[in-house]
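Data first, discussion second: the structure below is written as structure tokens.
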Amino acid sequence: MARQDALTDVAGLRVGHAQVPGKGALSGTTVVLAPEGGAVAAVDVRGGGPGTRETDALDPRNLVQRIDAVVLTGGSAYGLDAASGVMAWLEERGRGVRVGADPAQVVPVVPAACVFDLGRGGDWRARPDASTGRAAVEAAAGSEAGAVVAEGCVGAGTGAVAGRLKGGVGTASVLLPSGHTVGALVVVNAAGSVLDPRTGVLYGEYGGAEPAVAPPAEVHEAAQRRLEQARDADTRPPLNTTLAVVATDADLGRAQAQKLAGTAHDGLARAIRPVHLLTDGDTVFALATGRQALDAENPVALNPLLAAGAEVVARAIVKAVRAASGTDGRDGGGACPAYSDLYGTLRRTGRAPDGSGGGTESPSA
């Protein structure tokens, strides 16, 4: 099957999105579903205002060894109720930590984290609940192996913002020379900016495989004027959070997974400035399906996976921002332009200014 440049390139993982229905709703839930038997999991929380559930269970010193799903959700702390719907769905299938003689006696451990998007669609009470979580996990379970993952304003990224730009969901993956796959899915809802105000380049594009190319000066100047207008019109506090799941098919122990979650935060720091603020709840989960062995005799065999985790997180942030669509504020939730609204759809038209072949970019509607 063709690779999708997505988290689902890690064999066995599936992703499902669900949105809160109704007028004035701009929120939703995204579920990452592990294969039968679960995955080794870890978490690293660095934001000053996190909203989480069951993250202590992932401490390598604690009992739980594997988990079946991770929930990323809008709705701030209210939205964590979405995990209850996922938990019920797993229980119905006998998936979870077995706690009794009867195979049906299980307790699914469903770590979850939320972003702040309350009122972004106009209705303060339009937020995910258990039914949203069930819809998202059912969407994940019903998807094909290696399926394309929807990006932009979907699932937990429906009401996300990135500084003063519209945020959303993005995903990326890389196949390493060792044969291991590392993928990431990110919900970009940052208080910091993803956009270099000097150039119009997304921060996450600097240092990539292709040279970062700035849009034409006149396009960038017009974009900055629109962002200033949006900034002046928006008086809401910058209550945000960026969430990520980074995953690999490598056979990692829980401490190794913990390290992967930690270094993946470097991808957030490359693509969002500033990051890990008191008004953020930045959280990264790590999953390891264990389908490919890691050289236990090589003390640095983990290093390429750690570097790749940061890389795919940064690239997923870029893809989320590029895929997002703006809001006009007609429902009372406030207008928020998308990167594509300001800079158009950028297309490659030739060689980069340094002659390296990365291509230049020009906007088109």
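The values are calculated or read from the model by the stated rules, or taken from the named source; none is laboratory data. Keep in mind it's a predicted model, so treat the numbers as computed, not measured. Accessible surface is based on the protein model in full, side chains and every heavy atom, while ligands, DNA and RNA are left aside. Shrake-Rupley method; radii C 1.70, N 1.55, O 1.52, S 1.80 Å.
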Check cross-link reach from Lys23 to the lysines: straight Cα distance under 21 Å, and skip same-chain residues fewer than eight apart.
-> Lys166
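What do you get when you divide the Cα radius of gyration of the range 1-131 by 2.2 N^0.38 Å, with N the number of residues?
Numbers: Rg = 15.7 Å, N = 131, 2.2 N^0.38 = 14.0 Å.
Relative to the 2.2 N^0.38 Å estimate, the range 1-131 comes out at 1.12.
Keeping the other protein chains in place, figure out the carbon and sulfur percent of the accessible area of the chain, with a 1.4 Å probe. Present the calculation step by step, with values, prior to reporting the outcome.
Values: 7640 of 14860 Å².
The C+S portion of the solvent-accessible surface of the chain is 51 percent.
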Sort the range 46-120 into rounded, prolate or oblate with this rule: let a ≥ b ≥ c be the square roots of the eigenvalues of the Cα gyration tensor; rounded if a/c is under 1.5, and if a/c is not under 1.5, prolate when a/b is larger than b/c, oblate otherwise.
-> oblate
If ligands, DNA and RNA are left out, what is the accessible area of Ser173 with a 1.4 Å probe, given in Å² to the nearest 10?
-> 10
Specify, per residue and in Å³, the volume enclosed by the convex hull of the alpha carbon atoms belonging to the range 181-336.
-> 129
Global size of the chain as Cα Rg and Dmax, reported in angstrom | 19.8, 69
Alpha carbons only, please: Rg and Dmax for the range 240-321, in angstrom.
-> 13.3, 42
Derived scalar couplings ³J(HN,Hα) [the range 259-271; Karplus, 6.51 cos²θ - 1.76 cosθ + 1.60; whole Hz; x for Gly, Pro] | 5, 4, 4, x, 6, 5, 4, 4, x, 5, 5, 6, 9
Fraction in percent of alpha-carbon pairs per bin - 5 Å, the range 157-272 | 2, 10, 16, 19, 19, 14, 9, 5, 3, 2, 0
Which aspartates and glutamates, on any chain, are close to Lys319 with Cα under 14 Å apart, when same-chain ones fewer than 8 places away are left out?
-> Asp5, Glu151, Glu205, Glu311
Given H placed on each backbone N at 1.01 Å, which residues far from Leu195 in sequence or on other chains put an amide H within less than 5 Å of it?
-> Tyr203
Using the Cα gyration tensor of the range 85-235, with a ≥ b ≥ c the square roots of its eigenvalues, what is the shape: rounded (a/c below 1.5), prolate (a/b larger than b/c) or oblate (neither)?
-> oblate
Probe 1.4 Å, protein heavy atoms only - accessible area per residue of the chain in square angstrom | 41
